[in-house]
Each structure stands twice: as structure tokens, then as C-alpha cells.
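Taking it in order: structure first as C-alpha cells, then the write-up.
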Amino acid sequence: MPLQVADTLAPDTPDKEYLWTLNFGPQHPATHTTLRLVLTLDGEKVVNAVPHIGYLHSGFEKLGEHLDFNQYVTIVDRMNYLSPLANEIAWHHAVEKLLGIELTPRCKYIRTIFSELLRIQDHLLNVGTSALDLGAFTAFLYCFTQREKIYDIIELASGQRFHSSYTRVGGVMFDVNDLWVRKVRDFIDGLPKTHDEVHRLLTRNRIFIDRIKGVGVLTKEDAINFSVSGPVARASGVVRDIRKDEPYLCYKDFDFKVICSQNGDCYARYLVRMGEIIESLKIIQQALENIPTGPINVDVDSRVVLPAKPAVYRSIEGLIQHFEVIMPNRGYSAPKDEVYAAVEAPNGELGFYLVSDGTNRAYRARTRPPSFIHFSVFPHMIKGHMLSDVVAVLGSLNIIAAELDR
């Protein structure tokens, strides 16, 4: 039962007897996770919204001080659990910047392909569930069918479908083979048909458009002031993409567009994500056609790079190298420095700030997650809208609770 409004009003909210407080979450089906919004309502109009976080706190950042640079990849996997491997790539991108490691060309291409596959995976889930929350069930099924194929691709490369823990300092766990390449090629050949089906179901659907067009508008000025990034920022006209502005891996080798819009509403954010799926397919296609041969791991220092599992099991040299990297009193030393490195994750700028004390684990590890920034913008976007618009705006921001409660 809604309770009469008490201390949840913003300072500038008029104190009226007919204003009511409603708890939206933390166990509401449309939040898709443990999010809580305390809404102040005037009838069905949202007067104020106060986000509450902390329901999924796992101590991710603190764990970074206790696990070494390779072990911590299993933790960052669990942050944005819609696209786990993208978190791994971001983490080791920061670690390799600290250690001054330049990846091999083949490793760069493999990581780039996975980055774009995970971008597609994240956007498919967002489009599918956002449509499902508004009553469109068929598009959800189309999107999730394609996500299953990406899981198969990840499993073939790493041995695990979801939390792959695939990247390593200086490389990746396993090399990919011809079967993996064929599987990726089959996926990118088949996805455009599903993409067109979703477009036909949603993009010109009158009910879908009426529910999201002009809803949750975020102006370009506000997007910059609130420091939003990714599709949310580009839908508001902020032309920024780290893949273009601060190229990493091998993005500078590829031809792709930065998809933007000027409207800044939920419909624009939907269109940006749909456009980015096509651009990701273009990047993957170019990477597959030009993927170089050679090693997947750097070979600059045996005390930094984990050896391949077969080498550990079958040779004394591999076992010794594994021992030297893993053991806390034998591990490699990192420069005493602090670095910040970021990648263009599916939801926006995902960055890690590391402080090193010279050991093989971080003295301090902090992350800059897109969801934390975007959730803080939600009250600004929802004021004046109806209660039924909360689901649409929340879905367009793609909030992941594990990024909030670090």
C-alpha cells in the first residue's frame, strides 16, 4: 500500500496532502534486478524520484586489493553481467597500461571481435526486454535467440558460456580456431535478418512509438553536465565514442560510424542501439577477414604472462612459470604508479583507476561504471511523466545493479 508522503520529497517539492509515496522495487519485475525507486506521485504523475542503491553490494572494488591482476578478472566478470567479457577487456586494458604491455596483433583482433560481439549481446537484451516491458513479446524472443548464438561462440573459445574469465594479463586464455571463425561468420551472416524482423516489429509500431517517443528526454547540455556516455549520450547528440576519440586495441584499423541522434528520448536511445548493432557487425566482418596469425600472448617476461594450461600440465617449464606468476611471494612486480584506462563498453565509458604499490595486485582499484552515472540522471528525466513511463525510461538507460553497488 502506498504511504502518505513524508521525508522523501525534494526540497523544492510542494508539501501537498494529495501527494503520495510509492516504492518501485527493489523486487519489481520491470527493474530486472534489485533497484529501488521511491516515487512521489500526484495522481499518476511523477513529482519526484529518489533512487536507492545498495541491495546488491558485493565489495567488488575491495576485492581488487586482495586478488592479483589475473585473479580479479573473475570479479569484474560479474559487474555488467549482460556482457561479462567486455568488463574483462576493460580491466586488463588498464592493467596492461600500468605494466606497459603491448598486446600481440592477433590478441588485439580477438579482443576486438569479442568486444563487438558483447556489444551486440548487450544491445539485443536491452531492446528485447525494453519491448517486453511495454508488452511486445515477439521481439524479445527474436533477440534472445541471437544471444544464445553468442553464448555458443564464447563457450567455444573459453569453455564457459557466460562468465568466461577469458582474458589474461598480456593476452587471452586460449587461441581461437577455424571452427570458431566459421561460427562467428555464420552469426554475422544471420543476424541482419533478425535485425530486420525486430525493426519491422518495433520501429514503426504505433503503440511502441507512442510509449517511448518524447519520453525521458535528455538534452545535449544535460547529457554533458551529467557526464553520461555511450548510447545514452549519443542519443542526445553528444558525438563521443572512445573507439574513435581514444582508439585502443585495433579500432583505428576499421571503418565504422558513430551512431548518434539529436532527440534524446527513449525512442532515440532505441534507434542508436539498433544502429550500433549494424556497425558492430561491420567491425567484426573486417576483423575476421584480416585477423593476423601469430601468438596470442606477449612473450616479454615469463614472470608476467600466465602459461597455457597444456604447458602447465605437460612440462616442468610451464609449471615453474605458472608458479612464479601465481605465488604471492614470487610474483612479478608492477611499477609504483597510478593509471586510469577506459574502453567503450556497451553501456558507455567503463574505466578502471589503479594505484600500484609495486606488487602484482592493486593497492587501490576503483571503477567508473556507466550505470552509476546513468541511474543518477533518472530522477531528472522522469519528473513530469506518468507512472507508466518509469518502466520505459528505466529500460532505455539499461541500468545494471551490480555496477551500482560496487
- Item | Test for V258: is it within 21 Å of the chain's Cα centre (by Cα) and under 21 Å from R368 (Cα atoms) | no
- Query: Is one or more of the residues making up the stretch 91-111 out of contact with any Lys or Arg (no Cβ under 7 Å at 6 or more places or on another chain), more than 26 Å from F60 (Cα to Cα) and open to solvent by less than 10 Å² (accessible area, probe 1.4 Å)?
  - Reply: yes
- Query: Which condition breaks for L271 when tested against (1) in contact with a Lys or Arg (Cβ under 9 Å, 6 or more places away or on another chain); (2) under 29 Å from K213 (Cβ atoms); (3) open to solvent by 20 Å² or more (accessible area, probe 1.4 Å)?
  - Reply: (1)
- Being touching a residue at least 60 places away in the same chain (Cβ under 8 Å), among the basic types (K, R) and surrounded by fewer than 23 Cβ atoms within 10 Å (Cβ to Cβ), is that true of even one residue in the stretch 152-165? no
- Test for T74: is it within 30 Å of L202 (Cα to Cα) and either in a helix (DSSP H, G or I) or open to solvent by 10 Å² or more (accessible area, probe 1.4 Å) (or both): no
- Just to be sure, is A235 without any contact (Cβ under 8 Å) to a residue 40 or more places away in the chain, crowded, with 20+ Cβ neighbours inside 10 Å, more than 24 Å from E88 (Cα to Cα) and among the small types (G, A, S)? yes
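Residue by residue, here is whether (1) within 28 Å of S115 (Cβ to Cβ); (2) aliphatic (A, V, I, L, M) holds:
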residue	(1), (2)
L41	no, yes
H52	no, no
K62	yes, no
D68	yes, no
I75	yes, yes
N80	yes, no
- Task: May I ask you to list the residues in the stretch 219-271 that are assigned to a loop (DSSP other than H, G, I, E, B), of a type in the set (G, A, S) and on the phi > 0 side of the Ramachandran plot?
- Result: S227, G237, G264
- Out of the stretch 278-328, which residues are open to solvent by less than 50 Å² (accessible area, probe 1.4 Å), of a type in the set (V, I, T) and closer than 30 Å to K193 by Cβ? I283, I284, I291
- Note on the structure: Counted residues in the stretch 129-178 being of a type outside the set (F, W, Y) and outside any helix (DSSP H, G or I) come to 19
- If G237 satisfies every condition in (1) closer than 30 Å to L132 by Cα; (2) touching a strand residue (DSSP E or B) at 6+ places or on another chain (Cβ under 8 Å) but one, which is the exception? (2)
- Message: Suppose the filter is open to solvent by 80 Å² or more (accessible area, probe 1.4 Å) and either outside the structural domain of L387 (by TED's automatic domain parsing) or not in a helix (DSSP H, G or I) (or both); does D189 pass it?
- Response: no
- Task: Filter the stretch 227-241 down to residues that are β-branched (V, I, T) and either over 17 Å from the mean Cα position of the chain (by Cα) or within 22 Å of I291 (Cα to Cα) (or both), then give me how many there are.
- Result: 2
- Message: Give all pairs with beta carbons closer than 9 Å in which a residue from the stretch 311-327 that is free of Cβ contacts under 8 Å to residues at least 40 places away in the same chain meets a residue that is open to solvent by 90 Å² or more (accessible area, probe 1.4 Å) and of a type in the set (S, T, Y); count only pairs at least 6 apart in sequence or on separate chains.
- Response: L319/Y313
- Provide a single number: the residues in the stretch 168-186 that are under 20 Å from H93 (Cβ atoms) and open to solvent by less than 40 Å² (accessible area, probe 1.4 Å). 6
- How many residues, within the stretch 370-383, are among the small types (G, A, S) and open to solvent by 50 Å² or more (accessible area, probe 1.4 Å)? 1
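Condition check ((1) in contact with a Pro (Cβ under 8 Å, 6 or more places away or on another chain); (2) within 30 Å of I113 (Cβ to Cβ)) across all residues:
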site	(1), (2)
K309	no, yes
I326	no, yes
S333	no, no
E338	no, no
A342	no, yes
A345	yes, yes
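The values are calculated or read from the model by the stated rules, or taken from the named source; none is laboratory data. Because the structure is a prediction, the values reported are computed rather than measured. Ideal geometry is used to build each Cβ from the backbone, glycine not excepted, and the neighbour counts take in all protein chains shown. Accessible surface areas use protein heavy atoms only, side chains included; no ligands, DNA or RNA. Shrake-Rupley method; radii C 1.70, N 1.55, O 1.52, S 1.80 Å.
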